[in-house]
Amino acid sequence: MTRTEAYSILTEYTKNPNLIKHALAVEAGMKAYARKYGEDEEKWGVVGLLHDFDYEIHPTLDLHPQKGSEILREKGVSEEIIRAILSHAHHTGVPRQSLMEKTLFACDELCGFITAVALVRPSKKIAEVEVGSVKKKFKDKAFARQVSREDIFKGAEELNIPIEEHVDTVLKGMQAIAEELGL
């Protein structure tokens, strides 16, 4: 599946600009990791783009991403990509096994958290966000309380990397597409 095909699916089912920006952020994080690990950037990016494509039409745990996986199968998306998407959600019961699956889980919540950190800056510019400022916000439980810090730390642990390195990798990926993210 190409990035163009994945983006077309994303925008067919997702109209909320913030959900599209989240998909773009996760795509950027996934591509940054693909470069780091010498993996297929386009494939990993596609996984990031599509991981929540059905959230707007299936916003409950009993449907997302399970029903979305059915749509992706109908569209001929590979089982490898579908499995990665299913594995990013605890409630599906699909264990994360591959590096791509673990990376998607690791990037998802962190992208939302980094976005929140950028948005509270006076400039609202991700270019001004640093690893230290993200780590400092982790400690503020009232900040972005809907984002699971447990999942962020578990993601870094599953990748077997320090949290600082994880934040740095995803942050740099997102900073590279700041304009697309509106940050």
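Considering only residues in segment 6-61 that are polar (S, T, N, Q) and not in a loop (DSSP other than H, G, I, E, B), the one that is farthest from residue 116 (Cα to Cα) turns out to be 8.
Does residue 64 qualify as being buried (at least 17 other Cβ atoms within 10 Å of the Cβ), farther than 17 Å from residue 176 by Cβ and at pLDDT below 95?
For residue 64, the condition - buried (at least 17 other Cβ atoms within 10 Å of the Cβ), farther than 17 Å from residue 176 by Cβ and at pLDDT below 95 - is met.
Would it be correct to say that residue 82 is at pLDDT 95 or above, in a loop (DSSP other than H, G, I, E, B), on the phi < 0 side of the Ramachandran plot and over 14 Å from the mean Cα position of the chain (by Cα)? Answer is no for this residue. Looking at 174, 100, just one residue is touching a residue at least 24 places away in the same chain (Cβ under 8 Å) and in contact with a Cys (Cβ under 8 Å, 6 or more places away or on another chain), and that residue is 174. On the given criteria, is residue 164 without any contact (Cβ under 8 Å) to a residue 24 or more places away in the chain and in a helix (DSSP H, G or I)? When the stated conditions are applied, residue 164 does not pass them. When the residues of segment 21-61 are filtered to those that are β-branched (Val, Ile, Thr) and surrounded by fewer than 19 Cβ atoms within 10 Å (Cβ to Cβ), the one that is nearest to residue 96 (Cα to Cα) is 60.
The values are calculated or read from the model by the stated rules, or taken from the named source; none is laboratory data. These numbers were taken from a predicted model, which means no experiment stands behind them. Glycine gets a Cβ as well: all are built from the backbone with ideal geometry, and neighbour counts include every protein chain shown.
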